[in-house]
Amino acid sequence: MDTLEKEDLARYNRQIILPELGITGQEKLKGAKVLVIGAGGLGCPALQYLVGAGVGFIGIVEDDVVELSNLHRQVLYGITDIGRSKALAASEKLSLLNPLIQIISYQQRLVPENAEMLFRGYDLVLDGSDNFETRFLVNDTCVLLNMPFVFGAVFRFDGQVSVFNYEGGPVYRDVFPEAPSEDQRPNCEDSGVLGMLPGVIGSYMAAEAIKIITGIGTPLSGRLLVIDLLDNSSQVFMIAGANPDLKKDKEKSGTEEAYAINLEQFKRLSDLHAQRVCVIDVREVYEFEELPTLALNIPLYELLTAQLPLDKILVFICQSGSRSRMAVQVLKGHYKGEMYSLGTLLFK
């Protein structure tokens with residue numbers, strides 16, 4: 001563990017006096033190596049707070065250059081940075097913020113050919129990428145190397161944060177098994193994003209990284225935090241993961257696992273209550289359009305505002321079962337009827 005110097009003690013004083021963190025926690029931060037994928041909307045705030053907190057070694061993977069349209073949300077950059085490498089510009093600004101840490105910039109795109117090489121030697125990855133291919137690559141490489149990673153995503157007014165592959169917990173593919181086709185993918189370039197949203201989500205990502213490094217608090221492993229800045233709402237969804245002990249604990253505690261049914265049970269339920277069973281596909285619209293089912297399509301995050309049939313038995317389905325379980329959790333306390341999570345997609 002790295003020993004703190006006099007300047008460390010002065011710089012991080014407000015953080016060190018937190019009893020949960022203390023000298024030991026600050027020494028863990030100083031000795032940590034964190035790789036940040038992307039120096040854009042999410043990467044900028046996450047990097048600033050990781051550097052400010054004293055994470056001793058930070059890598060930045062980014063092949064893009066600064067554009068004028070970036071400046072409303074990517075607050076590390078200014079007008080004079082337009083056309084410059086984001087990785088280099090970010091490294092320069094961050095070094096001014098905290099010269100005590102080491103920063104290395106990788107001016108390249110993360111691809112299968114370089115992912116393993118770039119990840120090795122780091123303790124933790126923060127994924128601030130904006131496309132499915134990179135997110136799947138981050139996930140698969142972290143699983144291969146047994147590394148945890150912090151996930152963040154933003155779209156319009158909504159943001160998501162979670163921690164994957166942490167101490168036997170779920171991985172990204174447990175929630176998002178497959179990427180949508182090219183023409184079905186939502187993106188900020190077409191739909192927009194509120195400038196402050198990446199700042200909020202990026203800050204959450206940095207906080208999750210600090211908790212993992214120092215061992216304080218409860219990281220968002222097995223949980224997906226969803227924040228909507230338009231109505232100031234936030235929800236935490238449970239994710240069914242790879243840890244069998246976690247699943248057993250859920251079943252014992254009577255959480256959403258108790259509502260899970262298999263295909264045979266669903267068929268019995270349908271035979272007994274043919275007119276009352278309402279099957280709802282909680283995948284996103286683009287997923288439903290690409291691979292439609294016979295179910296009613298209501299995306300997971302729209303359930304609370306949707307007009308649900310009050311006299312029906314609701315059965316939720318999705319690609320992997322994770323989001324259908326979340327649907328039960330979301331509606332508990334809001335829907336008084338019977339609800340079940342089937343998970344499996346139902347085709348004619």
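The values are calculated or read from the model by the stated rules, or taken from the named source; none is laboratory data. Every value quoted in this text rests on a predicted model; they were computed, and no experiment measured them. Reconstructed Cβ throughout: ideal geometry from the backbone, glycine too, with neighbour counts over all protein chains shown. Each accessible area value is taken on the protein alone, full model and side chains, heavy atoms only, with ligands, DNA and RNA left out. Shrake-Rupley method; radii C 1.70, N 1.55, O 1.52, S 1.80 Å.
Can you divide the C-alpha Rg of the range 256-341 by 2.2 N^0.38 Å and report the result to two decimal places?
Computed over Cα atoms of the range 256-341, the ratio equals 1.00.
For the range 81-133, state the semi-axes of the equivalent ellipsoid (square roots of 5 times the eigenvalues of the alpha-carbon gyration tensor), sorted largest first and rounded to whole angstrom. Walk me through the intermediate numbers first.
Numbers: eigenvalues 94, 52, 21 Å².
That gives 22, 16, 10 Å for the three semi-axes.
Net charge around residue 139, counting only other residues with Cβ within less than 10 Å of its Cβ (Lys, Arg = +1; Asp, Glu = -1)? Please list the in-between numbers first.
Values: positive: 135, 173; negative: 127, 140, 174.
Spelling it out: positives minus negatives among the neighbours equals -1.
Can you show me the helix-derived [θ] at 222 nm for the chain, built from DSSP H runs with n ≥ 4 at -39,500 (n - 2.57) apiece and divided by the number of residues, rounded to the nearest 500.
For the chain, the value works out to -10000 deg cm²/dmol.
Net charge near residue 215: determine it from the other residues with C-beta under 15 Å of the C-beta of residue 215, scoring Lys and Arg +1 and Asp and Glu -1. Walk me through the intermediate numbers first.
Values: positive: 28, 30, 211; negative: 20, 27, 123, 167, 208.
Net local charge, residue 215 excluded: -2.
Can you tell me the alpha carbon radius of gyration of the range 1-160 divided by the globular rule-of-thumb value 2.2 N^0.38 Å? Please list the in-between numbers first.
Numbers: Rg = 15.9 Å, N = 160, 2.2 N^0.38 = 15.1 Å.
Compared with the compact-globule rule of thumb, the range 1-160 sits at 1.05.
Give, as a single signed number, the net charge of other residues whose beta carbon lies under 14 Å from the beta carbon of residue 17, with Lys and Arg counted +1 and Asp and Glu -1.
Numbers: positive: 11, 14; negative: 8, 20.
Here the count lands on 0.
Could you identify which residue out of 333, 43, 195 has the top mean-square fluctuation in a GNM of the chain using Cα springs shorter than 10 Å?
Maximum among the listed residues: 333.
Can you work out the base-10 log of I(q)/I(0) for the chain at q = 0.08, 0.09, 0.11, 0.15 1/Å, using the Debye formula on its C-alpha atoms alone?
-0.43, -0.53, -0.77, -1.28
Suppose each label sits 7 Å from its Cα in the direction of the beta carbon; what would the residue 109-residue 216 distance come out to in nanometres?
Placing both labels 7 Å beyond Cα along the Cβ direction yields 4.0 nm.
Determine the order of 268, 283 by accessible area, beginning with the largest, at a probe radius of 1.4 Å. Display every interim value, and only then the final one.
Details: 268 125, 283 0 Å².
Sorted by accessible area, descending: 268, 283.
How do the peptides 30-42, 55-67, 289-301 rank, highest first, by the average count of neighbouring beta carbon atoms within 10 Å per residue?
Details: 30-42: 24.9, 55-67: 20.7, 289-301: 16.9.
Order by mean packing, descending: 30-42, 55-67, 289-301.
Which percent, to the nearest 5, of DSSP beta bridges fully inside the chain are antiparallel?
On the way: 19 of 50 bridges.
Of all bridge pairs located within the chain, approximately 40 percent are antiparallel.
Mind checking which of 104, 41, 339 is farthest towards the positive end of the chain's charge dipole, using Cβ charges of +1 (Lys, Arg) and -1 (Asp, Glu) about the Cα centre?
It is 339, whose Cα lies furthest towards the positive end.
Using a 1.4 angstrom probe on heavy atoms only, work out the carbon and sulfur share of the accessible area of the chain in %.
Values: 8600 of 16570 Å².
So the carbon and sulfur contribution to the accessible surface is 52 percent.
With θ set to phi - 60° and the Karplus curve 6.51 cos²θ - 1.76 cosθ + 1.60, what are the ³J(HN,Hα) couplings of the range 125-140 in order, to the nearest whole Hz, using x for Gly and Pro?
Running phi through 6.51 cos²θ - 1.76 cosθ + 1.60 with θ = phi - 60° gives 10, 10, 9, x, 6, 10, 8, 5, 4, 5, 5, 5, 5, 4, 4, 5 Hz.
Take 6, 28, 211, 86 and sort them by solvent-accessible surface of the protein heavy atoms, 1.4 Å probe, largest at the top.
Values: 6 175, 28 75, 211 45, 86 10 Å².
The ranking, largest first, comes out as 6, 28, 211, 86.
Leaving out ligands and nucleic acids, and using a 1.4 Å probe, what accessible area per residue does the range 1-129 come to in Å²? Could you put the intermediate results ahead of the total?
On the way: 6090 Å² over 129 residues.
Heavy-atom SASA per residue in the range 1-129 reads 47 Å².
From largest accessible area down, sort 140, 127, 228; use a 1.4 Å probe on the protein chains.
On the way: 140 65, 127 0, 228 35 Å².
My answer, sorted largest first, is 140, 228, 127.
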